[in-house]
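A quick write-up on the structure given underneath.
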Amino acid sequence: MARTIRLEDFQRESAGLAGALSGGALACLPTDTVYGLACLPGHAGAVERLYELKGRDRGKPLAAVFGSVAQVEELIDGLGPAARRAVRTLLPGPVTAIVAAAGDAAAALSSSLGSPGSVGVRVLPPPLDSLYRELPTPLALTSANLSGQPDPCSLEEVAPQVLAACDFAVDAGRCPLSTPSTVVDLRPLEVGEPAAVIREGAVSARQVRQRLSTGDSAP
């Protein structure tokens, strides 16, 4: 069973947990939407464990959660101006933004996530952003459920076999939104086409279009 750390105790445990992830640990972590399974994307063994635990099709890529929008822009340094503006508009927030894996570091990250050529990017709002900034981000991230099962919105809803296979879990109570993220493909923006909402979730397609048209960030 995973060692469970309460969010209020995370700070004093963070260095050890960061080291565990760097060594290939699998973690169950809170987000603003649902609880997620996370590991270091550059650790092939940890990524394989994650896929096996979920029973996830290898053809389905993982997302990457970053500690800040600035970190996204630094690592994916070949983002075009339209995609860069859209990332700044939609993130942080309950959106997974798909961008082209522009640049060598981004290309390596995309391959490790099972999505050569693109990266699904997440950045969390306060207060959870502080948790991820203490960890070795970007982290590979997917919902902490068995494939085909409901997304867990609290640690109590995570299947026992999933928790048993994790090295540690952070308990932050119930996720504020308790709805999966909205997935938005920003790659069409670079060729003058509108962004495409692939999956409607915590943010409606209408809200996404409105924010991108006005440049207004999420509240």
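None of the figures in this text is laboratory data; all of them are computed from the coordinates on show. Being a predicted model, the structure only gives us computed values, none of them experimental. Note that we place each Cβ from the backbone using ideal geometry, even for glycine, and neighbour counts take in every protein chain shown.
Per-residue ellipticity at 222 nm for the chain, helices alone: DSSP H runs ≥ 4 residues times -39500 (n - 2.57), over residue total, nearest 500 deg cm²/dmol?
Details: 8 runs with 71 residues, N = 219.
About -9000 deg cm²/dmol.
The list (1) 61, 34, 29; (2) 49, 34, 33; (3) 57, 35, 33 gives values of Cα extents along the principal axes in Å, and only one came from this structure; which label was calculated from it?
(2)
Is the shape of region 1-128 rounded, prolate or oblate, going by the alpha carbon gyration tensor and its root eigenvalues a ≥ b ≥ c, with a/c under 1.5 for rounded and a/b larger than b/c for prolate?
oblate
Neighbour counts of other C-beta atoms within 10 Å: give me Asp9, Asp151 arranged from fewest to most.
Asp9, Asp151
Determine, for each peptide in 204-215, 26-37, the mean count of other beta carbons within 10 angstrom over its residues, then list the peptides with the highest first. Spell out each step's value before the answer.
Numbers: 204-215: 14.2, 26-37: 25.5.
Per-residue mean Cβ counts within 10 Å order the peptides as 26-37, 204-215.
Counting alpha carbon pairs within less than 8 Å and at least 6 residues apart, what relative contact order, in whole percent, applies to the chain?
Values: 470 pairs, mean separation 69.4, N = 219.
Here the relative contact order equals 32 percent.
Working from Cα positions, state the angle (0 to 90°, nearest 10) between the long axis of helix 10-22 and the longest principal axis of the chain.
80 degrees
Compute the normalised compactness of region 156-219: alpha-carbon radius of gyration over 2.2 N^0.38 Å, N being the residue count.
Rounded to two decimals, the normalised Rg is 1.56.
Let's see if you can work this out: charge +1 on each Lys and Arg Cβ, -1 on each Asp and Glu Cβ, no other charges. What is the dipole magnitude of the chain about its Cα centre, in debye to the nearest 20? Working shown, then result.
Working: 19 positive and 23 negative charges, 73 e Å.
So the dipole magnitude of the chain works out to roughly 340 debye.
Separation between the Lys60 and Glu156 pseudo-spin-labels, each 7 Å from Cα along Cα→Cβ, expressed in nm?
Here the modelled spin labels are 2.6 nm apart.
If R0 is 35 Å, what FRET efficiency do you get for Asp77 and Ser213 from their C-beta distance, rounded to 0.05?
0.85
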